[in-house]
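The values are calculated or read from the model by the stated rules, or taken from the named source; none is laboratory data. None of these values were measured; they are calculated from a predicted model. No Cβ is skipped: glycine too gets one built from the backbone with ideal geometry, and neighbour counts run over all protein chains shown.
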Amino acid sequence: MYVGARDLAGKAFIGTHQFTIIVPDNPAAFSSPVKIGGNSYSMRDLGNGIKGFVIGAHNVNGRLMVKVFEASDYQATLEYYNPKKYTKWYSSDFDTEIAKCSSSKQDTQFINDIFNAVNNYILNENKNNISYPALGYGVNSNSWAQSVIDAVGGHVRQNFSGVDWWNGGRVPGSYFLSPVTP
């Protein structure tokens, strides 16, 4: 389990975006597709033959919403794990960094707890939307990546290179718990 950080995509010229990279110690435990937000996802090659999942939160119509294998997060992961194949000296890349998460839990349990927390977040955010902040000041993707790890008892480095606004802020922990009733 890792938190990744990459340069912002598109026309943004400054800033860092954080996301999670899930690489199971026991891939057989996740050989069947995993349900996230009502959709099924299978592990994908992360660039070096090792399979896993990439999950982050993004600005979707002004809301902080989960995306699994979002194109830029996934590309940044491929570049990190296999730079020889996925980066070229003549084109820009995401300058991806990753930090390993720690937990006292067994790896499979930790990952299942992450999936449950992500699904709870999706349900709770749909009922009580979290606005994506203007100019990155407020609870954003950096806060989300750190918060989901915290919510299941994990630990990770907070700050990465570059400008990662609000990485120390946290999404309220209740969003990652059992879904709230309307």
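Of the residues making up segment 1-35, those that are of a type in the set (A, V, I, L, M, F, W, C) and either over 16 Å from Gln109 (Cα atoms) or modelled with pLDDT under 95 (or both) number 9. Assess whether Asp107 counts as being among the charged types (D, E, K, R), surrounded by 15 or more Cβ atoms within 10 Å (Cβ to Cβ) and either at pLDDT 90 or above or closer than 21 Å to Phe53 by Cβ (or both). Yes: the conditions hold for Asp107.
Each row is one residue, and each column tells you yes or no for (1) modelled with pLDDT of 95 or more; (2) over 16 Å from Met1 (Cβ atoms); (3) small (Gly, Ala, Ser).
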| position | (1), (2), (3) |
| --- | --- |
| Asn48 | no, yes, no |
| Ser72 | no, yes, yes |
| Thr77 | yes, no, no |
| Tyr86 | no, yes, no |
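Within the span defined as segment 128-136, one or more residues are over 24 Å from Gly15 (Cβ atoms) and either at pLDDT 90 or above or not small (Gly, Ala, Ser) (or both).
Residues are listed down the side, and each one gets a yes or a no for (1) in contact with a Leu (Cβ under 8 Å, 6 or more places away or on another chain); (2) farther than 24 Å from Val156 by Cα; (3) of a type in the set (D, E, K, R):
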residue	(1), (2), (3)
Pro24	no, no, no
Pro27	no, no, no
Gly37	no, yes, no
Ser42	no, yes, no
Tyr81	yes, no, no
Phe94	no, no, no
Ile98	no, no, no
Ser102	no, no, no
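Of the residues making up segment 21-58, those that are under 16 Å from the mean Cα position of the chain (by Cα), hydrophobic (A, V, I, L, M, F, W, C) and part of a loop (DSSP other than H, G, I, E, B) are Val23, Met43, Leu46.
Among the criteria (1) under 23 Å from Phe176 (Cα atoms); (2) small (Gly, Ala, Ser); (3) modelled with pLDDT under 95; (4) surrounded by fewer than 20 Cβ atoms within 10 Å (Cβ to Cβ), the one Ser40 does not fulfil is (3).
You will find that of Asn82, Asn159, the residue that is within 14 Å of Ala5 (Cβ to Cβ) and out of contact with any strand residue (DSSP E or B) (no Cβ under 8 Å at 6 or more places or on another chain) is Asn159 and no other. When Val68, Val54 are checked against the criterion of being of a type in the set (A, V, I, L, M) and in contact with a Leu (Cβ under 8 Å, 6 or more places away or on another chain), Val54 stands alone in meeting it. Within the set Ile98, Ile149, the sole residue that is within 15 Å of the chain's Cα centre (by Cα), in a helix (DSSP H, G or I) and β-branched (Val, Ile, Thr) turns out to be Ile149.
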